[in-house]
Amino acid sequence: MTEAEQAKVALDEIGKAWATCREIGVSEHVLRTATLTAAIANFVGDAGEEVTAQIMGLLPEKIRNGDFSPVAPAGKPAGGHDHGGGCGCGHDH
């Protein structure tokens, strides 16, 4: 599977888990906080605190550019970045 295909599968599965949590009464606020906390903790565990802090520093611009909007700008995947290199995630591309 390509990274884009993997990202789609992952986002679909996370969406299903999110729906299950909502069905059993978990609030949107708690889900957002828990999801963001888990993602950041995963980055810290994988890439370390300094790299994670650098990545988080890139987020305001990416958010303002629509990189995480449900309907992303042309050429960008909705809900995230395309791992095309230079993203600062700390992974080898």
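Just so you know, all these numbers are worked out from the coordinates, no wet-lab data involved. Values in this document were obtained by computation on a predicted structure and should not be read as measured data. Cβ atoms come from the backbone with ideal geometry, glycine included; neighbour counts cover every protein chain shown.
Note the full-extension length gain between A38 and E13 as 0.36 nm times their separation in residues minus their Cα-Cα distance, in nm to one decimal.
So the chain would gain 7.5 nm between A38 and E13.
What distance in nm lies between label points placed 7 Å from Cα along the C-beta direction at E23 and D46?
Each label point is offset 7 Å from its Cα along the Cβ direction, giving 2.8 nm.
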